[in-house]
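Encoded as structure tokens, the structure appears first; notes follow it.
Read-outs: derived from the displayed coordinates by stated rules, not from any lab. Everything numeric in this text was worked out from a predicted model, so none of it was measured. As a convention, Cβ positions derive from the backbone with ideal geometry for all residues, glycine included, and neighbour counts pool all protein chains shown.
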There are 2 protein chains.
Amino acid sequence: MNAYIISIGDELLIGQTINTNAAYIGERLSDNNITIKKVAAIADDEKAILDEFKIAYETCEIVLVSGGLGPTHDDITRTCVVKFFETELIENAEVLENIEMLFKKRNRKVTELNKAQALVPKISTPIMNPRGTAPGMWIDKDDKFFVVMPGVPYEMKGMMEDFVIPSLTESLKNSGIVIQRRILQTTGIPESTLAERLGNIDELLQGSQLAFLPSIGGVKLRITTQAKSEEEANSRLTEIEQKIRAKAGRFIFGKDNDSLETVVAKLLTERDLKIATAESCTGGLIADTLTNISGSSNYFERGIVSYSNASKVELLRVDEDAIAEHGAVSLEVAMQMAAGIKATSGSDIGIAVTGIMGPTGATTEKPVGLVYIGYCDDNVCTVKKFVFGNERLLNKQRTLYAALDMVRKQLLGISLDA
Amino acid sequence: MNAYIISIGDELLIGQTINTNAAYIGERLSDNNITIKKVAAIADDEKAILDEFKIAYETCEIVLVSGGLGPTHDDITRTCVVKFFETELIENAEVLENIEMLFKKRNRKVTELNKAQALVPKISTPIMNPRGTAPGMWIDKDDKFFVVMPGVPYEMKGMMEDFVIPSLTESLKNSGIVIQRRILQTTGIPESTLAERLGNIDELLQGSQLAFLPSIGGVKLRITTQAKSEEEANSRLTEIEQKIRAKAGRFIFGKDNDSLETVVAKLLTERDLKIATAESCTGGLIADTLTNISGSSNYFERGIVSYSNASKVELLRVDEDAIAEHGAVSLEVAMQMAAGIKATSGSDIGIAVTGIMGPTGATTEKPVGLVYIGYCDDNVCTVKKFVFGNERLLNKQRTLYAALDMVRKQLLGISLDA
């Protein structure tokens with residue numbers, strides 16, 4: 001079964017609202033093995049809405065509409081539903097009761113505008129809305145489902161969970177095909193190099209699908225497979241995962257919704273290790289990210305943002321002569337910073353970064369994007385050099401992920417070489 | 001002129017990626033008086049892409065496509081462009097040079113997959129991409145513009161700003177009506193309180209429009225007006241701005257694209273002041289944000305992320321007894337942290353935060369969301385108490401903006417009281 005998602009609202013077109021509703025609906029449908037063919041966002045405009053209803057109803061078995069159900073003059077979705085299905089509005093007693101109860105709860109008098117929201121298209125089953133005044137509409141016609149929900153995210157989500165998803169899955173029970181997905185999260189390897197490592201994709205996949213999803217933190221590999229049962233699908237996914245791991249395992253830091261920081265946090269917590277950070281170029285981003293996780297005080301001891309040379313010397317015991325001789329952005333200073341933060345904090349691990357984030361600060365020998373990352377624990381002190389790009393904020397992000405991945409690799413005994 | 005935005009990528013349909021690209025493109029087009037008719041998100045599927053190209057090209061004068069330009073097998077947008085316009089691929093020397101340069105800079109060998117990205121449709125002018133390997137495409141045919149960009153947000157944004165928006169506005173110059181917008185950025189006041197302060201909106205606006213755009217950092221006020229000339233529009237905007245400033249001036253920290261950190265950075269730089277940060281609950285977020293701006297070493301001296309009590313005592317000279325008596329999250333400790341970071345760093349301003357970000361850590365007396373922010377300069381030391389919400393990451397953000405706004409207000413001599 002194919003689905004078509006229609007989001008209605010001027011604010012979506014002019015970018016004032018980001019279409020998170022469509023992402024949510026898409027995720028919940030694909031969780032339930034429904035393929036989404038298209039997401040369309042259109043204006044609160046009768047012709048645009050009716051045209052889109054037509055395309056959607058002609059091409060897909062499931063149409064999910066959200067937005068334009070409010071009580072004011074610019075909300076015209078319900079009128080369009082009536083026109084599209086050539087039906088009429090009738091008052092629904094249960095919906096009216098819900099509206100009156102909501103107003104009573106808020107100690108307000110029901111307005112005529114809100115009372116009119118109890119009028120629903122005759123062809124539809126109203127979807128009750130305990131979170132707001134606009135009911136949804138469930139239309140089951142011509143072996144197709146046409147569903148209309150409010151645009152307010154938490155009202156829409158409530159209807160999806162309480163009514164739409166259960167009703168759709170009930171109707172789809174006997175299709176016999178299961179779609180399963182698995183994501184492998186990689187970092188420290190560019191998309192094209194990863195693709196080359198994986199070699200012949202068709203041979204690897206044997207009919208399943210693989211998508212490369214690049215972001216600043218790394219490339220996600222999403223494997224999708226169809227089978228007759230969940231077991232069969234999962235065993236195929238595991239087989240493909242094993243083949244990928246054999247070819248690029250050390251770049252894979254996690255699965256599905258893992259983030260690099262949660263993986264590192266878990267490793268530190270499990271081994272009862274404390275980490276401390278000494279950051280120059282990232283300005284506190286590594287400490288900030290490590291403390292985004294609840295319970296971070298179990299593994300994060302302290303951080304120093306040693307922006308000035310004085311702070312490197314005073315707080316991290318960096319040798320003034322080393323700065324004078326090699327510069328603050330150098331292998332030597334990164335090493336001393338890492339050793340210094342470990343020693344002064346009494347932590348198990350010290351991680352340090354120094355670099356040139358740009359756009360200014362480059363010299364003839366040291367380009368924008370040059371970064372040294374130092375790592376020290378009880379057994380080893382090491383520094384790795386990176387050259388990233390020209391964009392300051394992206395360079396901070398890239399340095400963050402490279403530093404976290406260095407901790408991950410050291411803890412797991414994975415070589416730091418690319 | 002009407003525009004149609006097409007976003008290509010399976011990840012958009014299954015909700016793995018939220019379509020922020022379309023919101024960005026929509027905002028930038030409507031800023032430039034271009035009406036967006038539709039946003040469509042579709043799969044990496046040849047038939048779906050060609051069908052959508054057809055609808056878009058038939059109904060709108062401007063078609064903006066993003067996504068599916070990567071080097072791997074699942075990226076098929078370029079192939080679809082070639083088929084749709086019945087053209088062919090030819091190698092572009094300038095694009096190839098850019099790709100080779102990017103790889104050289106990163107000390108990597110150019111792969112064949114990446115080299116192939118220098119092949120561009122003959123009908124198009126390539127849009128150079130200094131941020132990545134995939135060039136964009138600009139096609140000007142049948143009095144229509146068909147533009148294709150990568151899906152990686154910062155690459156797409158770079159092309160929009162450097163090439164697409166300037167090229168489109170140049171083509172649209174002579175329409176006769178000017179729409180101008182101005183944004184006033186506020187912080188530290190809720191949307192409803194701000195609305196009450198502004199009073200009768202119709203009287204204030206006299207036919208212009210005002211939108212309240214709330215976000216974590218504060219509420220943006222966007223004023224929009226139409227006029228026959230830029231001068232007329234601007235003089236109306238200025239009149240409305242003055243009325244708003246008279247009613248809520250001290251909550252307005254900037255205009256248009258100003259951010260609170262750039263405003264604070266500018267104030268510090270102009271006055272030749274150095275700041276240092278002592279952060280507990282924000283974990284480095286304030287230092288990170290202050291150092292997102294190029295040239296931050298002119299005003300940012302150092303930061304301490306004093307997560308453990310030991311680090312507060314050792315690095316910030318906080319009295320152990322004060323922690324024992326009042327707790328680490330207390331007015332007394334915030335004050336000592338601010339005084340300590342100012343003194344130990346030798347900076348002109350010390351700012352310190354301590355709080356409970358949640359979800360754990362609350363006590364009967366101290367709820368999740370409780371934050372103390374301390375500020376010290378040569379003349380004054382002060383602490384302000386806040387109680388934010390339950391969400392850890394939002395609490396970190398709210399603390400950040402409250403701390404930056406405290407610095408802004410102190411520097412401008414604005415009272416800290418709400």
Fill in the blank from the handout: Most exposed to least, judged by fewest other Cβ atoms within 10 Å, A:381, B:60 sort to A:381, B:60
Problem - Using θ = phi - 60° and Karplus 6.51 cos²θ - 1.76 cosθ + 1.60, couplings along the stretch A:292-297 (whole Hz; Gly, Pro as x) - result: 6, 9, 4, x, 5, 5
Completion exercise
Taking the label point 7 Å from Cα along the Cα-Cβ vector, the copy-to-copy distances for residue B:360, listed from shortest in nm with one decimal, are 4.5
Practice task
Would you kindly state the longest site-free stretch of chain A, with sites defined as GluC sites (Glu not before Pro) in a DSSP loop (not H, G, I, E, B) surrounded by at most 12 other Cβ atoms within 10 Å?
Solution key: A:89-364
Handout entry: Longest exposed-site-free window of chain A, the sites being trypsin sites (Lys or Arg not before Pro) in a DSSP loop that have at most 13 other C-beta atoms within 10 Å
Key = A:272-418
Exercise for the section: Every other copy gets compared here: list the nm distances from the residue B:247 label point (7 Å along Cα to Cβ) to its counterparts, shortest first, one decimal. Expected result: 6.3
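List the relative contact order of the stretch B:178-255 as a percent without decimals, with contacts defined as Cα pairs under 8 Å and 6+ residues apart.
After rounding, I find 47 percent.
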Completion exercise
Net charge near residue B:241 (other residues with Cβ under 9 Å of its Cβ; Lys, Arg +1; Asp, Glu -1) is +3
Fill in the blank from the handout: For residue B:160, the net charge from surrounding residues (Cβ-Cβ under 13 Å; K, R +1; D, E -1) works out to -2
Practice task
Report, in debye and to the nearest 20, how large the dipole of the stretch B:2-171 comes out about its Cα centre when Lys and Arg carry +1 and Asp and Glu carry -1 on their Cβ.
Solution key: 460 debye
Exercise for the section: Tell me the distances, shortest first, between residue B:88 and the same position across the other copies, using label points 7 Å along Cα→Cβ, in nm to one decimal. Expected result: 6.5
Exercise for the section: Answer with one residue from B:179, B:207, B:249: the one whose Cα lies farthest towards the positive end of the charge dipole of the stretch B:178-255, charges on Cβ with Lys, Arg +1 and Asp, Glu -1. Expected result: B:249
Handout entry: Antiparallel bridge percentage (DSSP; both residues within the protein assembly as shown; nearest 5)
Key = 65 percent
Fill in the blank from the handout: In terms of the charge dipole of the protein assembly as shown, which places +1 on Lys and Arg and -1 on Asp and Glu at the beta carbon, the residue among A:361, A:349, A:403 farthest towards the positive end is A:349
Completion exercise
In the structure shown, of A:38/B:83; A:122/A:144; B:37/B:122; B:255/B:385; A:247/A:366, the pairs separated by more than 23 angstrom at the C-alpha atoms are B:37/B:122; B:255/B:385; A:247/A:366
